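Notes for the one structure printed next.
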DNA sequence: CAGGTTAGCACC
DNA sequence: AAACGGTGCTAACCTG
């Protein structure tokens, strides 16, 4: 038994480090005296909790003044004491609970479902107060940021620097120190114990600061986090044979095109500088400049050259593409998958300032949509088929409902082609060719993003004058949208934030109040998808869900009931928003995800 | 040389 | 009057 003391907000706090089995008696006494709730944290060998070598090392429990550090790595009795404490407590307060509950599930055998109901996640609370990261002008939502803002700048800096310093002392990196550090190292134990003490202090400060409008979101967001944690735990099955073959094929492609680029005098196709040098040497005039003033060589330029038959530009494009696809996706899947060939995404349910999710591990939100070869890596479970249900034009329907724009509402009710409708408003009743529709589509989405004529001009290549008239036509055709945008911008400029129908408060930079419309539309769309997830969860579909991707849910469904399941999922997800039905579209493929994008199986 | 920044590109 | 919203990942490059 060892006791370390420290001072927080002028108050002495104690870290009790369990050393021997006999120390557990006092630990259990502490837990018994605080059954109503404690802050909890864990330390593992690394963030890759599904890797075969990953282990949990410490589990910590604490209140505002005392933390107990339990060295579960030392074996059974310690592990058992931590397990009993987790199961016995009435409430757990955890910073980023998704991680620790996954650790307890995987390493201590406590199903997440048993703990989520009694968990309060301080990160969720913090995001309902200010969803922005620190570098985006907000308070930030990491424990370090929250400590800095609500408790003490010094302690935040000290705790942050602590593990970095230990890493340096051990001549290793910040990612590797977690498994190398001695379990009883006093500073490591201080770091571990302080987490709980800080979290225990934060929860009481965060709760009263949550806007009244957002109070119902507290339980909602905890449920969304639970559902996504469950999906992450299930993981997505990888077709290993296909994925390995694809990796080799991409390697070969990269090598072939790299050789061609080299024959033109370019050693490194990934160096924009080198590529620019070779292009200029070949007589290409590069007009574009990056924000820092360097010559810009992007896909627009390269595509133009490829269209003119430039073999060097083609080689650069192909070599870069093959490498990116292999390293960003294919090899990541092979590296990240567990012993059962499953990849576990990490889903941050409240990542963006609008509340949008982010998915890492499987970078599901950025997989190529125009080609099936990457998605073909993921397959349904044995005896199952891949299904996908997405919302039809989700953001535009949400916009129509929020802005109460009568033209848009009618268009969706009648099943009209909204892009065509904008095209006719801009180019007259005879507008019907693909080009007009494409321009109209750009304007429809662009206006939601806050873009103006310049954006349309740059994105479509039409003249600035035509772009202006198309944008004007949009604003005249959908007067409700223009009025709603003005109203939101005014509110944002006045109070610095807007509030969504769900009660979420979204800060808006005063110099960019035009962005308020997009924030509300994007955030409300996200809420629609998440309400859909909650309905699916309550109907028992969670074990079949694989990934949520913005306006879409991907599932693996038993073959004999796949069509029934996809229809049921679609019905549950669809939501009536006032006069607008935010409708859904079910799709059932074959075994692989790629089958929904044109792959054969 | 770890860690941060920039540029490019993948998505909704 | 004009204003393109939100992400993640890799490689190259820069810095302390």
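Read-outs throughout are calculated quantities, based only on the coordinates presented, and are distinct from any laboratory measurement. Predicted model, so just to flag it, every value in this text is computed and none were measured. Quick reminder, even Gly has a Cβ in these numbers, built from the backbone with ideal geometry, and neighbours come from all protein chains shown.
7 Å from Cα along Cα→Cβ at both residue A:219 and residue A:80: what's the point-to-point distance in nm?
About 3.7 nm, to one decimal.
Can you sort A:32, A:2, A:321 so the residue with the fewest Cβ neighbours within 10 Å comes first?
A:32, A:2, A:321
Measuring from label point to label point, each 7 Å out along Cα→Cβ, what is the residue A:172 to residue A:338 span in nm?
Between residue A:172 and residue A:338, the label points sit 2.4 nm apart.
Would you mind pulling out the separation of the Cα centroids of region A:69-129 and region A:392-422, in Å?
Here the answer is 45 Å between Cα centres.
Taking Cα centroids, how far is region A:323-364 from region A:1-38 in Å?
Between the Cα centre of region A:323-364 and that of region A:1-38, the gap is 38 Å.
Within region A:538-553, name every residue whose backbone N is under 16 Å away from a label modeled 7 Å from Cα of residue A:369 along the Cβ vector.
Residues passing the 16 Å test: A:548-553.
So, in Å, what gap is there between the alpha-carbon centers of region A:432-449 and region A:556-601?
After rounding, the separation between the Cα centres reads 27 Å.
Ranked by Cβ crowding within 10 angstrom, fewest neighbours first, how are A:376, A:289, A:106, A:165 ordered?
Least crowded to most crowded, the residues run A:289, A:165, A:106, A:376.
Full extension from residue A:445 to residue A:299: what is 0.36 nm times the residue separation minus their Cα-Cα distance, to one decimal in nm? Mind dumping the intermediate values first?
Values: separation 146, 0.36 × 146 = 52.56 nm, distance 2.17 nm.
That works out to 50.4 nm of additional length.
Report, to the nearest 10°, how far helix A:311-324 tilts away from the longest principal axis of the Cα atoms in chain A, using its own Cα long axis and a range of 0 to 90°.
The angle comes out near 30 degrees.
Report the paramagnetic label zone for residue A:601: residues of region A:548-574 whose backbone N is under 19 Å from a point 7 Å from Cα along the Cα-to-Cβ axis.
The answer is A:556-560.
Note down the relative contact order for region A:23-65 as a percent, whole number, built from C-alpha pairs under 8 angstrom at least six residues apart.
Computed over region A:23-65, the figure is 36 percent.
Can you compute the modelled spin-label distance between residue A:244 and residue A:259, with each label point 7 Å from Cα toward Cβ, in nm?
For residue A:244 paired with residue A:259, the spin-label model returns 2.5 nm.
Compute the helix-to-body angle for A:240-263: its Cα long axis versus the longest principal axis of chain A, expressed 0 to 90° and rounded to tens.
Result, in degrees: 60.
In degrees between 0 and 90, to the nearest 10, how far off the longest principal axis of chain A does helix A:394-403 point, with axes built from Cα atoms?
90
If you rank A:324, A:314 by fewest surrounding Cβ atoms within 10 Å, what's the result?
Starting with the residue having the fewest Cβ neighbours, the order is A:324, A:314.
What is the gain in length, in nm to one decimal, between residue A:133 and residue A:577 on full extension, counting 0.36 nm per residue of separation less the C-alpha to C-alpha distance?
Full-extension gain reported as 156.8 nm.
At 222 nm, what helix-only mean residue ellipticity would chain A give, in deg cm²/dmol to the nearest 500, using -39500 (n - 2.57) for each DSSP H run of four or more?
-15500 deg cm²/dmol
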